[in-house]
Amino acid sequence: MVMAPDPAAALAAPLAGEDAIERLLDQITALKAEHKRLEQQLEALLESLSAAMASGQLDPSFSHNDWSFCHSAGRLSYAYPAAVEQLERQLKAAKEAAIQQGRATEKRGKPFWTIRPPSAPALPF
């Protein structure tokens with residue numbers, strides 16, 4: 001297993017010069033790759049946990065070593081009738097028209113970074 005660089009060391013080091021930026025980017029991509037690998041391992045473990053709950057070995061909510069575990073059934077969503085879907089399309093068209101006509105006020109959310117591994121397709125921006 002490859003150990004990811006210490007993120008605290010990256011914060012302590014000044015970002016002067018191209019080499020420092022290169023090191024920073026290397027640390028970020030190494031941590032991001034490790035994060036993805038850990039997420040994949042966690043997913044398999046969570047499936048085993050769900051199977052144990054389904055078989056009655058675990059309750060949906062419990063504690064272990066001061067960590068709280070609570071199973072969620074998943075986000076609820078709805079399939080709407082065709083008439084509602086049509087109204088939604090009309091609303092979307094009205095929103096687009098308001099943007100094009102300058103009647104909509106632009107606002108931004110919190111800034112963030114998107115970091116994808118090399119195999120990911122390029123984003124359209």
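The values are calculated or read from the model by the stated rules, or taken from the named source; none is laboratory data. Please read all numbers here as calculations on a predicted model, not as lab measurements. Note: accessible area is taken over every heavy atom of the protein model, side chains too, but ligands, DNA and RNA are not part of it. Shrake-Rupley method; radii C 1.70, N 1.55, O 1.52, S 1.80 Å.
Counting only lysines at least 8 places from K95 when in the same chain, those with an alpha carbon closer than 26 Å to its own are K107, K110. Its Kirkwood hydrodynamic radius, worked out from the mean inverse distance over all distinct Cα pairs, puts region 41-99 at 15.4 Å. Residues in region 23-30 carry Karplus couplings, in order, of 5, 4, 5, 4, 5, 4, 5, 5 Hz; the curve used is 6.51 cos²θ - 1.76 cosθ + 1.60 with θ = phi - 60°, and Gly or Pro positions show x. Could you look at region 32-121 and say what percent of its accessible area is carbon and sulfur, using a 1.4 Å probe and all protein chains? Carbon and sulfur: 57 percent of the exposed surface of region 32-121. Solvent-accessible area per residue in region 14-125 equals 95 Å², computed with a 1.4 angstrom probe and all protein chains kept.
Between the amide H of L58 and those of M53, distances stay under 5 Å, these residues lying 5 or more places away or on another chain, with hydrogens modeled in the peptide plane.
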